[in-house]
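Novice: Below is one structure. I have some questions about it.
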Amino acid sequence: MNDHLTLQDFEAARDRIRGRVRETPMFDPRPHGANLDGGAGAHVLLKLECLQASGSFKARGAMNKLSTLSGEALAAGLITASGGNHGMAVAWAAGNAGVPATVYLPESTPATKADALRALGAEVVIEGAVWDDANAAALKVAKSSGAIYVHPFADPAIIAGQGTLGLEIMEQAADADTIIVAIGGGGLIAGVATAVKAVNPAVKLIGVEPTGAPTLYESLKAKELVTLDTIETTAGSLAPRRSMPLNYELISASVDRMCLVSDAEMRDAAQLLWRDFGIATELAGAASVAALMTGRHVPQLGERVVAIVCGAGKDGFWSGLSGN
């Protein structure tokens, strides 16, 4: 697959993974007493990718990547580094194919995610303080072992798989004006933005990052890839110190605006999702809703907004119990 992804690449990925991943629902909060538009007279829909197989959108990319590999290549097994969700997706896809998977995690990864990976049959290795450290270790082992390295966000097959979510949104909400997407390394928004713009260039794409990990925000502002000195967020799946050229190029071409939200704001959004709708999500999954709740994106009258709830978790559930 070429680095320059086309609509045909996303459609081919959708054909490969059809029936192997879930078509997730579009949720309208209005019948449940909320609109999340801040009283702007807009219409907000939630794309519940937190209900995807393995708990996040990552299943799309992992399954598409696996589907492009020969049986001979797969025999050597898969290896990756992850903040948690990508590892879960790779382990899930590998388990379905009956091949071994090794997942490197940074020390900041919640123990529950490491345990869940082991439950899926993956070998788990804890390495380094942040994802970049774990990734360097995974790359080194992949080179010496012959295992297939699966990059969490900078592989064209991964991005094409994530972009199938964009095609699905355009089928479920064809009149969408704006789509809000959380950003970690940039695989999701690169795929969704490129696929959506190929279908309807008028749709606006807004990216959301943590204030403590503004990797793409700072890169786009500098007009070149930036490596952050430090990471200061507990949203581990949104916390690489650096993206990659492929993602930067696609995001630069297709994303209209970036905004930042704090961990506390994401936690408030996660709590609202659980309290009002029974939607259990991690901090990253609530980032798009946080952008609306904080007014980082203020919809216009009549605007149709799709906020992607990209990953499952218990941040809203536990904070709801504690009253925080």
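The values are calculated or read from the model by the stated rules, or taken from the named source; none is laboratory data. Keep in mind that this is a model prediction, so the values were computed, not measured. Positions of Cβ are backbone-derived with ideal geometry, glycine not excepted, and every protein chain shown enters the neighbour counts. Remember, those area values only see protein heavy atoms, side chains included, never the ligands or the DNA or RNA. Shrake-Rupley method; radii C 1.70, N 1.55, O 1.52, S 1.80 Å.
Novice: I'd like the full set of residues that are at pLDDT 95 or above and part of a helix (DSSP H, G or I), limited to segment 233-259.
Specialist: Of everything in segment 233-259, those that are at pLDDT 95 or above and part of a helix (DSSP H, G or I) turn out to be 245, 246, 247, 248, 249, 250, 251, 252, 253, 254.
Novice: When you go through (1) at pLDDT below 90; (2) open to solvent by less than 60 Å² (accessible area, probe 1.4 Å); (3) in a helix (DSSP H, G or I) one by one for residue 54, which number turns out not to apply?
Specialist: With (1) at pLDDT below 90; (2) open to solvent by less than 60 Å² (accessible area, probe 1.4 Å); (3) in a helix (DSSP H, G or I) applied to residue 54, the lone miss is (1).
Novice: What do you reckon, is residue 65 in contact (Cβ under 8 Å) with a residue 40 or more places away in the chain, among the basic types (Lys, Arg) and surrounded by 21 or more Cβ atoms within 10 Å (Cβ to Cβ)?
Specialist: Considered against the rule, which asks whether it is in contact (Cβ under 8 Å) with a residue 40 or more places away in the chain, among the basic types (Lys, Arg) and surrounded by 21 or more Cβ atoms within 10 Å (Cβ to Cβ), residue 65 comes out as yes.
Novice: In segment 12-51, which residues are acidic (Asp, Glu), open to solvent by less than 30 Å² (accessible area, probe 1.4 Å) and within 20 Å of the chain's Cα centre (by Cα)?
Specialist: 49
Novice: Follow-up. Would you please name the residue that is farthest from residue 294 (Cα to Cα), looking only at residues in segment 169-194 that are more than 15 Å from the chain's Cα centre (by Cα) and not hydroxyl-bearing (Ser, Thr, Tyr)?
Specialist: Residue satisfying both the conditions and the ranking: 171.
Novice: Something else about it: Kindly evaluate residue 96 against the criterion of being assigned to a helix (DSSP H, G or I), in contact (Cβ under 8 Å) with a residue 40 or more places away in the chain and open to solvent by 60 Å² or more (accessible area, probe 1.4 Å).
Specialist: Criteria met by residue 96.
Novice: Residues that are in contact (Cβ under 8 Å) with a residue 60 or more places away in the chain, under 17 Å from residue 171 (Cβ atoms), open to solvent by less than 30 Å² (accessible area, probe 1.4 Å) and not small (Gly, Ala, Ser): does segment 71-82 have at least one?
Specialist: Scanning segment 71-82 turns up no residue that is in contact (Cβ under 8 Å) with a residue 60 or more places away in the chain, under 17 Å from residue 171 (Cβ atoms), open to solvent by less than 30 Å² (accessible area, probe 1.4 Å) and not small (Gly, Ala, Ser).
Novice: For segment 213-232, indicate whether the set of residues that are hydroxyl-bearing (Ser, Thr, Tyr), at pLDDT 95 or above, open to solvent by less than 10 Å² (accessible area, probe 1.4 Å) and out of contact with any strand residue (DSSP E or B) (no Cβ under 8 Å at 6 or more places or on another chain) is non-empty.
Specialist: yes
Novice: Mind checking which pairs have a first residue in segment 8-36 that is closer than 17 Å to residue 180 by Cβ and in contact (Cβ under 8 Å) with a residue 40 or more places away in the chain and a second that is of a type in the set (S, T, N, Q) and open to solvent by less than 90 Å² (accessible area, probe 1.4 Å), Cβ under 8 Å, 6 or more apart or different chains?
Specialist: 24/52; 26/172; 29/35
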